[in-house]
Each structure stands twice: as C-alpha cells, then as structure tokens.
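The values are calculated or read from the model by the stated rules, or taken from the named source; none is laboratory data. The structure displayed is predicted, hence computed values, not measured ones. Every residue, glycine as well, gets a Cβ built from its backbone with ideal geometry; the counts of neighbours run over all protein chains shown.
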C-alpha cells in the first residue's frame, strides 16, 4: 500500500496520473468480465500500478476497489519491483486453492510491512463461477490507519478474476460497502 501510494504521488508530481469517471451501467473489465454500477466511481489512470483496475470513491489514500480480470498463470498481482531489497513478488497460479488465493492477496497487501488479519473465508459464487469471499483487517504501516476489507475471487479457464475493496473502518467502509457488494453481485465472467 505504501509503495502504491508512493508511485501515485511521484506520478502525480510528474503529471502521469489522472482520474476518470466510471459511469453507472454495465462496465466491461478486460475481455471476459463485466460489472454493473448503480452509481459512478473514479478510475485511477497511471502507468506502473499493476494489473488491477483501481477505482475509488474518496481518493486513493482513503478507499480502493481493485478489480482483476483475466490474470494469467504466474502473473504478478501487483506492481512489480525488482532488484536488491525489493519486496517479494506475489503471482497467481492457476492451481491455487481458495486459501492460497487469500494468502496471495495477504502477501500483496503486506509487502510494505502493514499488518493483516484474515477475519473470514467462505465459498461463494462470484461472476457466475464457484469462488471465494474473504474479509480482512489491515493496519497500514505508513499511518497506522485500520482498514477493513473484503475480497471476492474466482478462477475460470485458468485465469483469476477478483474484486478487493478496503477503506478505513470508521466512516468510509460502512459508507461504501453496500455499493461494493452490489458490484460483486453484478459481476459476470464469460466462460
């Protein structure tokens, strides 16, 4: 999270980051997934942020909706860092079990030293495919803010489809979680 925030700040200063409105209605995410929105969101547009689309209601430091569509086997699920001292990279593997997928996202979210706790993991249908839902809490290292998060994921034809949302426990998570749940229920993955 800290590294992502740093990339965004540096990109903003360089003039590379922009925000665009995502309107209500059906939105195609990648080649095989679509979601339907009841209201607008803001999409962050910047190079080097990784394979997920990043949406927000309040702004990136406050809340983030990460949408993954068609992540291939061995593809890294975050902005890649290489070199000495770089945090470990976390890649999707098409044979991952639900616990493995939740652990992969835990690793991704804690690359900066933030503290993570898995609160719940359960099977669900996501996008019309057998998948998983997990809830977590995350204390950001950079500012010690407690975030609450929810994630949905499914594997279809060896590719990962997922939606993760996180926001501060007080005010922002309760304010937007109903909209997030509506988005996840509307998700459709083309088989």
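Summary of values
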{"item": "Residue in the stretch 69-85 that is surrounded by 14 or more Cβ atoms within 10 Å (Cβ to Cβ), free of Cβ contacts under 8 Å to residues at least 24 places away in the same chain and in contact with a strand residue (DSSP E or B) (Cβ under 7 Å, 6 or more places away or on another chain) present", "result": "no"}
{"item": "The stretch 91-115, residues that are in contact with a helix residue (DSSP H, G or I) (Cβ under 7 Å, 6 or more places away or on another chain) and crowded, with 18+ Cβ neighbours inside 10 Å", "result": "92, 111"}
{"item": "Filter result (assigned to a strand (DSSP E or B) and more than 26 Å from residue 32 (Cβ to Cβ)) within the stretch 153-170", "result": "167, 168"}
{"item": "Enumeration of residues in the stretch 36-49 that are modelled with pLDDT under 90 and not in a strand (DSSP E or B)", "result": "46, 47, 48, 49"}
{"item": "Residue 177, sole failed condition from (1) surrounded by 14 or more Cβ atoms within 10 Å (Cβ to Cβ); (2) over 27 Å from residue 47 (Cα atoms); (3) in contact with a strand residue (DSSP E or B) (Cβ under 6 Å, 6 or more places away or on another chain); (4) without any contact (Cβ under 8 Å) to a residue 60 or more places away in the chain", "result": "(3)"}
{"item": "Residue in the stretch 148-161 that is surrounded by 19 or more Cβ atoms within 10 Å (Cβ to Cβ), in contact with a helix residue (DSSP H, G or I) (Cβ under 6 Å, 6 or more places away or on another chain) and without any contact (Cβ under 8 Å) to a residue 40 or more places away in the chain present", "result": "yes"}
{"item": "Only listed residue being more than 23 Å from residue 34 (Cα to Cα) and either at pLDDT 95 or above or in contact with a strand residue (DSSP E or B) (Cβ under 6 Å, 6 or more places away or on another chain) (or both), chosen from 120, 88", "result": "120"}
{"item": "The stretch 18-62: number of residues that are in contact with a strand residue (DSSP E or B) (Cβ under 9 Å, 6 or more places away or on another chain) and at positive phi", "result": "4"}
{"item": "Residue within the stretch 140-152 that is outside any strand (DSSP E or B), within 16 Å of residue 35 (Cβ to Cβ) and touching a strand residue (DSSP E or B) at 6+ places or on another chain (Cβ under 6 Å) present", "result": "no"}
